[in-house]
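The values are calculated or read from the model by the stated rules, or taken from the named source; none is laboratory data. Not measured: the values here are computed from a predicted model. Cβ atoms come from the backbone with ideal geometry, glycine included; neighbour counts cover every protein chain shown.
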């Protein structure tokens, strides 16, 4: 691994890495404000709108392990560039789509690109800063802030673009960024020698198919019935594919995900925290945006602007406050505290009213949820990445990103089903919509609370080990590139 001091442009490289994280997470949320117009133009039903999100997330989450493996084998720098090229192509296809199936294919291609970008970006970060704990803390803070900031900023930008341009531009915005990344990567990113090894294509197919089938079963359940033969059969098929994936991993000499890595202290617990955090956070912004537009009657730009304070709060807390709290209390207590605060924010949002207003029903609760996300995200991410051996950095990056995206997909699918069962499919009926959204917020709160309990039980400081993210953060600002 390269010494961080050997690359004088490491902070400029970190800016590009943070931009990559910002963009791949933004692509999960930027479509939120545009959904009503996409539903009208492309012919989506209210229940199936979530597939505009899930087509991206299933491909993203299902292929992240493969992306991490490719990063380890062929070099993170090369995989990073290929991912940007694929993301650009998928964005063009999604923007030009005139039919539902074309839109979903474009979104899936975007997800493939993101699955290459995300783990290689984390591997590059560790190559640049892994030898300097103080700088690594700052790097994780900036990188960590980019994820939820990208998710929330996507809502704002989606509103701005939808209001003053048109919904295809929420996809076209990726293209110039992809070109910029492709131009800047060769000079900014460190090289890593390729290593010999095989690629577990079967494992990648099984992981992606299992996740996609399971999400499909949950999304379809409100329409077909939770106890119907179709729902149970499809869900069993998804679970079976995931079980087969684990069986293949146990028997292959060079698996996509060596199961032994899950025995690494704290790695499983940190990944569970990321999974449940995403399963609560993503449904929140999805349904909160629909509540603002479909119940409170805000326009696309106003709806996006209404969620901008969350972005500011998250960035400030992650960059300024979280590193200092980690240094003082260690990462594990912050993960638990953050998930409790996130659960509290969701619980508060479950009290939304059909005749409510933004200042009372949305802003305070959303800021509490944002504070929880800011506190829990960086320490759980840092613990998950730093628990693995250096030569498995790409794999660890792929696993933690997979955990977050699986949580996103399954959490949104489950809360979409809960919301639909309580009236959220009745567009034009504010009372029914509010009941459905409230039920989804309450379910998300329960998920975050479960995450806090699991984190408190599973996260332990290994004997004789130093917390990977607990270096004393220097009070001075991050050095300029």
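Brief remarks follow.
- Residue in region 326-333 that is over 17 Å from residue 151 (Cα atoms), in the same structural domain as residue 415 (by TED's automatic domain parsing) and not in a helix (DSSP H, G or I) present: yes
- Yes/no for residue 146 being within 27 Å of residue 369 (Cα to Cα), at pLDDT below 80 and surrounded by 24 or more Cβ atoms within 10 Å (Cβ to Cβ): no
- Counting the residues of region 279-299 that are surrounded by fewer than 24 Cβ atoms within 10 Å (Cβ to Cβ) and touching a helix residue (DSSP H, G or I) at 6+ places or on another chain (Cβ under 8 Å) gives 7.
- Any chance residue 85 is in a helix (DSSP H, G or I) and surrounded by fewer than 23 Cβ atoms within 10 Å (Cβ to Cβ): yes
- Of all residues in region 35-77 being assigned to a helix (DSSP H, G or I) and free of Cβ contacts under 8 Å to residues at least 60 places away in the same chain, the one that is surrounded by the fewest Cβ atoms within 10 Å (Cβ to Cβ): 40
- Meets criteria (over 20 Å from residue 141 (Cβ atoms) and free of Cβ contacts under 8 Å to residues at least 60 places away in the same chain) for residue 365: yes
- Annotation for region 4-13: at least one member residue is assigned to a loop (DSSP other than H, G, I, E, B), free of Cβ contacts under 8 Å to residues at least 12 places away in the same chain, surrounded by fewer than 23 Cβ atoms within 10 Å (Cβ to Cβ) and in the same structural domain as residue 153 (by TED's automatic domain parsing).
- Conditions (1) in a helix (DSSP H, G or I); (2) at pLDDT below 90; number of the one not met by residue 182: (2)
- Residue within region 91-103 that is surrounded by fewer than 24 Cβ atoms within 10 Å (Cβ to Cβ), under 30 Å from residue 197 (Cα atoms) and in contact (Cβ under 8 Å) with a residue 12 or more places away in the chain present: no
- Candidates in region 220-230 are the residues that are surrounded by fewer than 23 Cβ atoms within 10 Å (Cβ to Cβ) and in a helix (DSSP H, G or I); of these, the one that is farthest from the chain's Cα centre (by Cα) is 229.
- Any chance residue 46 is modelled with pLDDT of 85 or more and farther than 19 Å from residue 109 by Cβ: no
- Number of residues in region 334-372 that are in a helix (DSSP H, G or I), under 20 Å from residue 433 (Cα atoms) and out of contact with any helix residue (DSSP H, G or I) (no Cβ under 6 Å at 6 or more places or on another chain) equals 5.
- Yes/no for residue 32 being in a helix (DSSP H, G or I) and modelled with pLDDT under 80: no
- Per this entry, residue 382 is not counted among residues that are over 16 Å from residue 281 (Cα atoms), out of contact with any strand residue (DSSP E or B) (no Cβ under 7 Å at 6 or more places or on another chain) and surrounded by fewer than 24 Cβ atoms within 10 Å (Cβ to Cβ).
- Exactly one residue among 262, 308, 276 is free of Cβ contacts under 8 Å to residues at least 40 places away in the same chain and either closer than 19 Å to residue 450 by Cβ or in contact with a helix residue (DSSP H, G or I) (Cβ under 6 Å, 6 or more places away or on another chain) (or both), and that residue is 262.
- Qualifying residue in region 161-177 (condition: closer than 24 Å to residue 68 by Cβ and either in a helix (DSSP H, G or I) or assigned by TED's automatic domain parsing to the domain that holds residue 406 (or both)): yes
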